[in-house]
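I have placed the structure first, in the form of structure tokens, so that the comments after it can refer back to it.
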Amino acid sequence: MNTIDEHIKKDQNEILSAKAEGNTPKVRHLEEELHSLEEYKEHHPEDKHDPNALELFCDANPDEPECLVYDD
């Protein structure tokens, strides 16, 4: 994906397909991912790139050790 909007649209379509197939675990995973993407987009409205898993995690958990940035 090139943009977060494309990723959100893809997840929405995949959720519909997974629901039609009765694939509950996939639906749950995609809904969690979609929620994270929508939160990221809400927190960074000017940012259009498709965030990776670490960016989504750090957006939701900025105080985690993996997300801390130290100035030397």
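The values are calculated or read from the model by the stated rules, or taken from the named source; none is laboratory data. Keep in mind that this is a model prediction, so the values were computed, not measured. Every residue, glycine among them, receives a Cβ derived from its backbone with ideal geometry; neighbour counts consider all protein chains shown. Ligands, DNA and RNA are stripped out before the accessible areas are found, and what is left, the full protein with its side chains, is counted by its heavy atoms. Shrake-Rupley method; radii C 1.70, N 1.55, O 1.52, S 1.80 Å.
Taking residues in segment 15-36 that are closer than 21 Å to ASP50 by Cα and polar (S, T, N, Q), and partners anywhere that are open to solvent by less than 40 Å² (accessible area, probe 1.4 Å) and part of a helix (DSSP H, G or I), the pairs with Cβ atoms closer than 7 Å and at least 6 places apart or on different chains are SER36/LEU56.
On the given criteria, is GLU66 at pLDDT 95 or above, out of contact with any Ser or Thr (no Cβ under 9 Å at 6 or more places or on another chain) and of a type in the set (Asp, Glu)? First the steps, then the outcome.
Values: at pLDDT 95 or above: no; out of contact with any Ser or Thr (no Cβ under 9 Å at 6 or more places or on another chain): yes; of a type in the set (Asp, Glu): yes.
No; evaluated as a whole, the condition is false for this residue.
Taking each residue of segment 43-60 that is in contact (Cβ under 8 Å) with a residue 12 or more places away in the chain and looking for partners that are open to solvent by 40 Å² or more (accessible area, probe 1.4 Å) and assigned to a loop (DSSP other than H, G, I, E, B) with beta-carbon atoms closer than 7 Å, six or more apart or interchain, yields ASP50/MET1; ASP50/ASN2. Answer yes or no as to whether GLU33 is open to solvent by 100 Å² or more (accessible area, probe 1.4 Å) and either of a type in the set (A, V, I, L, M) or closer than 19 Å to MET1 by Cα (or both). No; evaluated as a whole, the condition is false for this residue.
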